[in-house]
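S.K.: Sharing a structure, written as structure tokens. Questions coming.
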There are 2 protein chains.
Amino acid sequence: MEIVEKLQVAVQPFEVDFRGKMTMSLIVNNLLNVAGTHANRRGFGISRLNEEGHTWVLSRLALELKEFPKTDDNIVFETWVESLMRTFTLRNFSIKKEDGNVIGYARTIWAMIDTTTRKPLNLVGIGIEPYLTDIECPIEKAGKIAVPDKYEESSFTVKYSDVDINQHLNSAKYVEHILDVFTLHKFSKWNIQRFEIEFIDECFFDETIKVCKTEITETEFVVILKNNQDKVVCKSKILFSEENKNHYI
Amino acid sequence: MEIVEKLQVAVQPFEVDFRGKMTMSLIVNNLLNVAGTHANRRGFGISRLNEEGHTWVLSRLALELKEFPKTDDNIVFETWVESLMRTFTLRNFSIKKEDGNVIGYARTIWAMIDTTTRKPLNLVGIGIEPYLTDIECPIEKAGKIAVPDKYEESSFTVKYSDVDINQHLNSAKYVEHILDVFTLHKFSKWNIQRFEIEFIDECFFDETIKVCKTEITETEFVVILKNNQDKVVCKSKILFSEENKNHYI
């Protein structure tokens, strides 16, 4: 079995935003998709884990793009495992155009938990070791996101379309609700060059979630989600750049 | 060129709802997608129309399913043109499983408009005629939906993730916001067996849209969308049936 798993997708007209650029939530969905295939084909995927009462949990994601996929582009999402710790594993990604040009990278941190106790489990020996690789992923790791004191508040209620098979807000919908704090004006002038998200707790059906947006600078925003007990359930940081000016990649 | 266009898709884990069933909005997206390909390949698609300052507008859709696509299913969406009137054309669809079994049908009504005047244009002679076919589509046409006097009201604001390339609420998001009036409880016991939608007017970014839900019977609901001038912008009717009991197909 190869070290790297690949997923090729043709970007559909309905997968893009008003600029014709693939939505961030769809990009995240494709990353999760190729990650799932990578793990399943190599024997440590969700289907085997579920049989044992375990599951994978995405803890953090950092994603950088120097160019967004557009309608009809053929995009290849690639993933591999960088490292294994006792209770965490780092999985990285590249996003390429058909001609092989890299347009983005992502880093993720995963834990395996017991579905009953929700406690993290030991990852050593479940079969990841043979697939560790030092392929380069030249973007910074997801850092700690500080919760700002001052913010602009909005909210949403978790609805039918928001929930996954566990009846929790699904990962892509976290991304959608976070980016919905911005105006079209912001996106027409600026691109997201780096997006970081830290998943802390689940959001349940019918729960009202507060969305707290803080403008650090014109190009840097922090968006914090809180549940109705005022507990932080998700933190994210968004760095914008003007068209085609990613300073990272 | 064949009369029928086909699109085969493998249902991804993130394309399903909490029951593991493909979401209605994704099903609609796939219908629109194969319709677009059908028209483009045969010379009367959006790309040619746009050059002439024209565009296609979806007016009505009726969709029936006796079974929902599930994760990892291979589904084939097929489309063809049933008839042509001066300012309308009827396009039908079937939804099949890999083994050829039909699990659903859809009927749509389209107009071509001038993008400046928004007036409907004459469809005769734009090249549709050679592709008219009498392939059967054994579901009822979309009927007139009466606006009920009594309803339960909620609302949503049109956000970045909701809008298409024209900065209007995109078709799949109409469907999502309409179905979000129902609880998970409803979907865990009932399936949508027939879904009808009539698009009347556009919804714009930042507009707050009222969602008016009326329970006609336990299995029949009408959901009306109104803009902030209280104008009806969309009407829909949803018929539920208990698991595997579609009376139509």
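Since every read-out is calculated from the coordinates, none of them should be taken as a lab result. Note that the coordinates shown come from a computational prediction; the quantities given were computed from them, not determined experimentally. Quick reminder, even Gly has a Cβ in these numbers, built from the backbone with ideal geometry, and neighbours come from all protein chains shown.
S.K.: Which of the lysines could be linked to B:K119 by a straight reach, that is with a Cα gap under 26 Å, when you skip same-chain ones fewer than 8 residues away?
M.R.: Hits, sequence-local ones excluded: B:K141, B:K144, B:K173, B:K226, B:K231, B:K235.
S.K.: On to the next question. With a cap of 10 neighbouring Cβ atoms within 10 Å, and only residues DSSP puts in a loop, list the GluC sites (Glu not before Pro) found in segment A:113-163.
M.R.: Sites meeting the loop and neighbour criteria: A:E136.
S.K.: To continue, here is another question. Can you list, shortest first and in nm, the gaps between the label point of A:Q229 and those of its counterparts in the other copies, using a point 7 Å from Cα in the C-beta direction?
M.R.: Counterpart label points of A:Q229 in the remaining copies fall at 4.7 nm.
S.K.: If you take the square roots of the eigenvalues of the alpha-carbon gyration tensor of segment B:112-198 and sort them as a ≥ b ≥ c, do you get rounded (a/c under 1.5), prolate (a/b over b/c) or oblate?
M.R.: Cα axes put segment B:112-198 in the oblate bin.
S.K.: Assigning unit charges at the beta carbon (Lys, Arg +1; Asp, Glu -1) and nothing else, what dipole magnitude in debye, to the nearest 20, does segment A:56-147 show about its Cα centre?
M.R.: With Lys and Arg at +1 and Asp and Glu at -1, about 580 debye.
S.K.: Now, a different point. Percent relative contact order of chain B, based on C-alpha pairs within less than 8 angstrom and at least six residues apart?
M.R.: This gives 19 percent for chain B.
S.K.: Now for a separate question. May I ask for the distance between the Cα centers of segment B:120-164 and segment A:69-144, given as a whole number of Å?
M.R.: Result: 42 Å between the Cα centres.
S.K.: What is the mean projected area of the alpha carbon convex hull for segment B:70-109, to one decimal in square nanometres? Walk me through the intermediate numbers first.
M.R.: Numbers: hull surface 12.1 nm².
Averaging across all directions leaves 3.0 nm² for the Cα convex hull.
S.K.: Okay, which of segment A:163-186 sit inside 14 Å, backbone N to the point 7 Å along the Cα-Cβ direction of A:N50?
M.R.: A:164-167
S.K.: Under 10 Å, Cα contacts only: if you run a Gaussian network model on chain B, which one of B:S154, B:S171, B:S59 comes out with the highest mean-square fluctuation?
M.R.: B:S154
S.K.: Can you figure out the FRET efficiency of B:N74 with A:N228, using R₀ = 41 Å and their beta-carbon distance, to the nearest 0.05? Display every interim value, and only then the final one.
M.R.: Details: r = 41 Å, r/R0 = 1.01.
Once the sixth-power term is evaluated, E becomes 0.50.
S.K.: At A:T157, label 7 Å along Cα→Cβ: distances to the other copies, nm, ascending?
M.R.: The answer, with the shortest distance listed first, is 1.6 nm.
S.K.: Moving on to the next point. Translational diffusion coefficient, Stokes-Einstein: compute it for chain A using the Kirkwood radius over C-alpha pairs as Rh, at 4 °C and 1.567 mPa s, and state it as an integer in µm² s⁻¹.
M.R.: 69
S.K.: Suppose we look only past 45 Å in the calculated P(r) of the protein assembly as shown. What percent of the Cα-Cα pairs does that tail hold?
M.R.: 13
S.K.: Compare A:D17, A:D162, A:D134 in a GNM of chain A, Cα atoms joined below 10 Å, and give the one with the largest fluctuation.
M.R.: It is A:D134.
S.K.: Computed FRET efficiency, Cβ-Cβ of B:M85 and A:N166, R0 60 Å: what is it to the nearest 0.05?
M.R.: On the way: r = 48 Å, r/R0 = 0.79.
Working from the Cβ atoms, E equals 0.80.
S.K.: Same structure, new question: What is the local net charge at B:N227, summed over the other residues whose Cβ is closer than 10 Å to its Cβ (Lys, Arg +1; Asp, Glu -1)?
M.R.: -1
S.K.: Compute the label-point distances linking B:F88 to its equivalents in the other copies; points lie 7 Å from Cα along Cα→Cβ; give nm, one decimal, shortest first.
M.R.: Counterpart label points of B:F88 in the remaining copies fall at 5.9 nm.
S.K.: Please find, among residues of chain A, the one with the beta carbon closest to the rotation axis relating it to chain B, distance in whole Å.
M.R.: A:F156, 4
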